[in-house]
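Notes to accompany the following structure.
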Amino acid sequence: MDEQELIRRVQEGDQEAFGQIMALYKDKIVNYLYQFSGDYQKAVELAQETFIRVYFKADRYKPIAPLSSWIYTIASNLAKTECRRSRRMATVPLEDIPNHYSSGTYYEDPADPGLVRNLREALASLHPRYRVPVVLKDMEGFSQEEIAKIIDRPVGTVKARISRGREQLRRKLEKARHDIEGRESEQEVSEHGRA
């Protein structure tokens, strides 16, 4: 059964059809929201809210765009709202609070190599205006035209934001690489000095 038929059935109250839509998009939406927020729990919560809205606002869906575009639009709007809300709430990460009981060692997750961590940090530091189109294009595989519909901007604006976002990511990743190389060479110099 195609997506248009599924959403038509959801509009008629068919919960099984809604379950099929969730099965198709749940993981994709959670992944997209995780790329946006950097917080898996928050991504799951926003995905749940996305599907609640899909279900209760199904009657507002118009088949002029793919169902995926409509679902991603809902998720994007929720993510942007959450981003604005979290900026207003001045929070301090636990890592920033000094721990006087620490042994002084820093634990790094060996399953998270530096490149992946640096990419996540670089993505998280991008302004949502650039992060959303870059994630939709490069991670979710949407065309520029589909992204334009999702974020309700002209295709030219989408192209520019993708280009600027990629350039900002490239600069941030190059800086992180140079920082790592600098630390490694400092470590080599200090090790040679001891020998």
Scanning the range 1-16 for residues that are surrounded by fewer than 19 Cβ atoms within 10 Å (Cβ to Cβ) and under 18 Å from P66 (Cα atoms), the one nearest to the chain's Cα centre (by Cα) turns out to be E3
For the range 67-77, check the following and say yes or no: at least one residue is buried (at least 16 other Cβ atoms within 10 Å of the Cβ), modelled with pLDDT of 75 or more, of a type in the set (A, V, I, L, M) and under 12 Å from the mean Cα position of the chain (by Cα). yes
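From E167, E174, which residue is at pLDDT below 90 and in a helix (DSSP H, G or I)? Steps first, please.
Working: E167 fails: at pLDDT below 90.
Answer to the selection: E174.
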Does K57 qualify as being out of contact with any Ser or Thr (no Cβ under 8 Å at 6 or more places or on another chain), modelled with pLDDT of 90 or more and either at positive phi or not hydroxyl-bearing (S, T, Y) (or both)?
yes
In the range 116-147, anything over 19 Å from D179 (Cα atoms), modelled with pLDDT under 90 and among the small types (G, A, S) is listed as G141
Within the range 18-50, residues crowded, with 20+ Cβ neighbours inside 10 Å and over 12 Å from the mean Cα position of the chain (by Cα) come out as I21, Y25, T50
Selection from the range 51-66 of residues surrounded by 14 or more Cβ atoms within 10 Å (Cβ to Cβ) and more than 19 Å from Y32 (Cβ to Cβ) yields A58
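For residues that are charged (D, E, K, R) and assigned to a helix (DSSP H, G or I), scanning just the range 136-164, find the one that is surrounded by the fewest Cβ atoms within 10 Å (Cβ to Cβ).
Quick first cut of the range 136-164, residues charged (D, E, K, R) only: 137-138, 140, 145-146, 149, 152-153, 159, 161, 164.
Of the ones still in play, those that are also assigned to a helix (DSSP H, G or I) are 137-138, 145-146, 149, 159, 161, 164.
On the way: K137: 20, D138: 15, E145: 12, E146: 20, K149: 19, K159: 15, R161: 23, R164: 16.
Restricting to residues being charged (D, E, K, R) and assigned to a helix (DSSP H, G or I), the top hit is E145.
The values are calculated or read from the model by the stated rules, or taken from the named source; none is laboratory data. Here the structure is a predicted model, which means the values were calculated and not measured. Don't worry about glycine lacking a Cβ; one is built from the backbone with ideal geometry, like all the others, and counts go over all protein chains shown.
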